[in-house]
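The next block holds one structure in the form of structure tokens; read it before the comments.
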Amino acid sequence: MICQHCGKNPATTRIKRIVNGQLSETAICSDCARKMGYGPLLGDWSLPLGSLLGGLMEEEAEPEIRCKGCGITFEEITRTGRVGCAQCYQTFGQRLSPMIQRIHGNTSHRGKSPAKAQLTLQPQTGMRVVPQKTSLLEEKEKQLRQAVEEQNFELAVVLRDEIKAMKEGKNHE
Amino acid sequence: MNEPLKWYEKNGPQGDVAVSVRVRLARNLQGYPFPGRLNDAGKKQVLEVIKEAVLGPNSLFAGVFAWVPVSSLSRTAAVSLVERHLVSPEFISRPQGRALLLSKDESIAVMINEEDHIRIQVLQEGLSLKEAWKTASRLDDALNERLSFAFDPRLGYLTQSPIDLGTGMRASLVLHLPAMEESGVIGRTASNLSKLGLSLQSAWGEGEEATGCLYQLSNRVTLGLSEEEALSNLETIAMQLLRQERGAREKLMQRLDTQDTVARSLGILQNARLLGQGECLKLLSNVRLGAACGFLKGVSLGTLNSLLVLTQPATLRLPSGQEELPGEEQELLRARLVRRMLANRVEMPEEI
């Protein structure tokens, strides 16, 4: 059987999918399987979790970059399936995100945040440490409500603009 | 006995099926590589920072937690911690640079330098998911007052394994499912649940036979769902499993052969001189079924829950102070413990 996707190579992989309760089956070649993201997932499930996770990440032959926080290379993360430190998520952010998406889907955190104002790294500003946006935003919104209550409208206008700017900045992310 | 009861010695809400819950939160300190990238000196530093935060001057926790360096434990004591579900097997496999914070009733166990710097675990009897989460979250807040955690607004709490990103929360329930196991629906149920982002797997014992019909149901999704959402998903599914199990039990307990098995199991447990681990677990499971259905009167589920924990090899020999016991002596000890704890007179209905 010839690959139903590229129509060139012999099909080696069958993809069964259930969409709206209907089973569909596609036979594709290993190249297409890899391109469509099925390749590594069909690997050996008896592998330890670490290397399985490693398999979810794409390997690239780029010059070696080491995380400034812990000195790890991306290759080491790929091999062990373990990230070296919090900063790695910044250093290797782009290369880690396909794997994170494959595990969790295209989504972002909706749970609890640390109560204390946190310092986190901003991707746009590189390694600069800036206050965490959400808590700052919440704090400003609180100040705004208070300012309105106290009828301190001059302050409220300033805060409103700051909040607007922060929210817009956030949407660009 | 003035010691407070341990969590596993009690019977909780929905205790006929739900044995216990555990809520785990993964947290990492800012400014330190994750444990996998720390050398011994680095791990020691992390230990010191956390110890200072939890047990240092003016700490509210000073009287609450015992500080247990894993390297200070005997092999038996360490394995017993695993048997009591307080730590992971991985945690005791490399003791260096690791410590456990343990509350007196053993319902709070914080692993330090396991996969992540901090793994808060709260264990409770029965189906008390929300309560366990509240306790874990309060402890998280209290620790956060003194420690800064690695967090990213989009990825949530940053963890060594990307699998735990987001809430870092894993909640699990131990369920006793003898009737569902008997009717052979566990495998199918487990594969259906995996599509919902939950996992159902054998929770107890080793090998395929010695499971005591105990299963662990846990959430797998940590990113994109809030803790409350994940917990209520888990609870909804758990309640469905509970209903299914109860329905199946009702039919099962009406059968004479089941009643016979339950009654015989109790007879063996109350009289045996030697009891192997696998046999004991199986018999306890049978008796638990009978007691939970009201067929056996006079056996408390709390007693059975504690026997499930206390009859495991390392926990069993821990009071003797022996690192190793010959097989027969171990079985003798187990039979003695079971006889003593099940000595009450048990009533059951006449057969019809």
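Things worth noting here:
- Folded to 0 to 90 degrees: helix B:301-310 orientation relative to chain B principal axis, Cα: 60
- Computed FRET value (nearest 0.05) for B:Arg340 with B:Val185, which takes r as the C-beta separation and R₀ as 41 Å: 0.65
- Cβ neighbours within 10 Å from other chains - mean over B:143-150: 4
- Value of Rg to Rh for region B:7-249 (Rh from inverse mean 1/r over Cα pairs, i.e. Kirkwood): 0.97
- Protection proxy ranking of A:68-79, B:322-333 - average other beta-carbon atoms within 10 Å, highest first: A:68-79, B:322-333
- Radius 10 Å from Cβ of B:Ser218, net charge of other residues (Lys, Arg +1; Asp, Glu -1): +4
- Per-residue average of Cβ from other chains inside 10 Å of B:27-35: 5
- The residues packed around B:Asn11, meaning those with a beta-carbon under 14 Å from its beta-carbon, carry a net charge of 0 if Lys and Arg are +1 and Asp and Glu are -1.
- Angle between chain B longest axis and helix B:186-195 axis [Cα atoms, degrees, rounded to 10]: 30
- Across peptide A:66-78, the mean count of Cβ atoms from other chains lying within 10 Å of each residue's own Cβ comes to 2.
- Area hidden from solvent between A and B (accessible, protein heavy atoms only, 1.4 Å, total, Å²): 3100
- For region B:256-342: relative contact order, % (alpha-carbon pairs under 8 angstrom, 6 or more apart): 39
- Computed over chain B: relative contact order in percent, which uses C-alpha pairs under 8 Å that are six or more apart: 21
- Per-q log10 I(q)/I(0), region B:256-342, q = 0.12, 0.19 Å⁻¹ (Debye; single scatterer per alpha-carbon; no solvent): -0.34, -0.78
- Between 0 and 90 degrees, the angle of helix B:129-146 with respect to the longest Cα principal axis of chain B falls at about 20 degrees.
The values are calculated or read from the model by the stated rules, or taken from the named source; none is laboratory data. This is a predicted model, so every value here is computed, not measured. In this analysis, Cβ positions are derived from the backbone assuming ideal geometry, glycine residues included, and neighbour counts consider all displayed protein chains. These accessible areas exclude ligands, DNA and RNA; they are computed on the full protein's heavy atoms, side chains included. Shrake-Rupley method; radii C 1.70, N 1.55, O 1.52, S 1.80 Å.
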